[in-house]
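One structure is given here, and the rest of the page talks about it.
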Amino acid sequence: MTFLPTGEQRAFARSLDAMLTAADTPAAVRAWAGDDPGPGRALWGRLAEAGVCALAVPEEYEGTGLLPVELAHAFVELGRHAVPGPVVETVATTVLLGELARLGDPDPAKRLLPALATGERTATLAIAGAEGVRHSVPYALDADRADTVLVVRGEELWRAPGHGQVRGSADPARRLARPAPGGELLAKGPAVAVAAGQARRWAMLATAAQSLGVGLALLDRTVAYARQRSQFGTPIGAFQAVKHRLADTLLALEFARPLLFGAAVTMTPGDLAAAKVTTGEAGYTAARTALQIHGAIGYTEEPALSLWLRKARPLRDAWGDPAACRAAVLGAYS
């Protein structure tokens with residue numbers, strides 16, 4: 001097993017970083033949190049052109065095949081740039097549909113997968129009874145903005161006809177709503193539950209990668225601020241207390257990185273749960289460090305820091321909260 005990225009994987013990550021840097025992603029995040037999804041959809045189109053949407057789609061449905069390591073690299077960059085929208089949920093949807101096709105029910109994949117692979121359409125997915133979900137009918141992320149809303153209830157896959165009232169979260173760019181009941185039954189049987197389990201695993205991987213990216217972005221911004229902000233005529237980054245806090249944050253993120261890519265290689269439930277909880281806690285640690293070192297300015301909108309601060313906690317809890325992930329790790333390795 002190797003954790004070192006290949007030259008192609010490094011180039012892919014660098015190209016995404018350059019593209020998202022040039023795209024003014026913070027403006028798209030603010031627009032998505034408001035009433036203008038246009039910039040976010042345009043950003044989604046550019047990601048699709050770069051191949052991100054096809055990384056978990058079988059080749060026969062316009063995809064590249066299942067490439068979890070490449071997907072992890074991509075979602076680190078999406079987290080680093082705070083990309084809005086149901087990006088994780090679209091990946092989970094493509095995996096679910098592809099797995100259903102592999103298990104003998106190709107009709108939903110034929111209908112929906114090609115448009116998801118090319119980025120022509122987006123999707124969100126809610127799985128009732130998923131680990132870390134406390135409600136029998138869970139919320140779906142960005143159900144009001146996604147083109148397709150899918151719901152798994154036991155051994156049934158439904159295409160929801162709409163959604164309920166949209167509610168906010170700690171991150172204004174994460175819009176939550178319960179899917180409307182009823183709709184179109186797309187698939188039924190044990191294969192749906194198996195495919196949903198596979199979708200959860202990929203969603204955990206993508207969310208963990210996002211958490212790592214968010215943490216890295218917060219650390220970079222906090223280090224830059226500590227170098228330029230002076231107190232008593234000295235940059236605050238020279239103070240031992242600040243150095244130690246930043247060093248602890250860096251260690252947490254770097255400890256999480258091999259767990260993430262190790263999980264992308266194995267894709268086993270125990271490894272994924274370990275990566276999810278570790279990256280989530282590391283990203284949340286980076287958020288607390290950033291807020292403490294920035295002080296009062298960290299609460300304001302002006303420096304854009306809040307775009308990442310507000311993502312750390314929701315990502316930590318999405319697709320398996322820390323308690324559920326720790327229980328999964330204990331169950332896998334005890």
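Every number here is computed from the coordinates shown, using simple stated rules; none is lab data. The structure displayed is predicted, hence computed values, not measured ones. Neighbour counts run over all protein chains shown; Cβ positions are idealised from the backbone, glycine included.
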Could you grab the pairs with beta carbons closer than 6 Å, sequence gap of 6+ or different chains, first residue in the range 248-270 and over 17 Å from GLY213 (Cα atoms), second one part of a helix (DSSP H, G or I) and among the β-branched types (Val, Ile, Thr)? GLY270/VAL329
Within the range 182-196, track down each residue that is of a type outside the set (Asp, Glu), without any contact (Cβ under 8 Å) to a residue 40 or more places away in the chain and not in a helix (DSSP H, G or I). GLY182, GLY183, LEU185, LYS188
Just a yes or no: is a residue in the range 110-123 of a type in the set (Lys, Arg) and within 21 Å of ARG175 (Cα to Cα)? yes
Go through the range 30-68 and count every residue that is free of Cβ contacts under 8 Å to residues at least 24 places away in the same chain and among the β-branched types (Val, Ile, Thr). 1
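Does the range 22-32 include one or more residues that are within 17 Å of LEU71 (Cα to Cα), surrounded by 15 or more Cβ atoms within 10 Å (Cβ to Cβ), of a type outside the set (Phe, Trp, Tyr) and within 19 Å of the chain's Cα centre (by Cα)?
no
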Matching residues in the range 146-156 (small (Gly, Ala, Ser) and surrounded by 17 or more Cβ atoms within 10 Å (Cβ to Cβ)) number 1
Looking at (1) within 27 Å of TRP308 (Cβ to Cβ); (2) without any contact (Cβ under 8 Å) to a residue 40 or more places away in the chain; (3) not in a strand (DSSP E or B), which is the only condition LEU112 fails? (1)
Those residues that are surrounded by 13 or more Cβ atoms within 10 Å (Cβ to Cβ) and either farther than 15 Å from LEU47 by Cα or among the aliphatic types (A, V, I, L, M) (or both), I need them from the range 7-21; list them, please. GLN9, ALA13, LEU16, MET19, LEU20
Taking the residues in the range 73-104 that are more than 24 Å from ALA191 (Cα to Cα) and among the charged types (D, E, K, R) as candidates, determine which candidate is surrounded by the most Cβ atoms within 10 Å (Cβ to Cβ). GLU77
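The rows are residues; the columns are (1) over 27 Å from SER306 (Cα atoms); (2) exposed (fewer than 14 other Cβ atoms within 10 Å of the Cβ).
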{"site": "TRP158", "(1), (2)": "yes, no"}
{"site": "GLN165", "(1), (2)": "no, yes"}
{"site": "LEU176", "(1), (2)": "no, no"}
{"site": "ALA180", "(1), (2)": "yes, no"}
{"site": "ALA208", "(1), (2)": "no, no"}
{"site": "ALA217", "(1), (2)": "no, no"}
{"site": "VAL223", "(1), (2)": "no, no"}
{"site": "ARG227", "(1), (2)": "no, yes"}
{"site": "HIS244", "(1), (2)": "no, yes"}
Could you please give the count of residues in the range 32-86 that are part of a helix (DSSP H, G or I), hydrophobic (A, V, I, L, M, F, W, C) and closer than 19 Å to ALA123 by Cβ? 13
Residue by residue through the range 310-330, note down the ones that are farther than 14 Å from LEU272 by Cβ and surrounded by 24 or more Cβ atoms within 10 Å (Cβ to Cβ). LYS311, ALA312, LEU315, ARG316
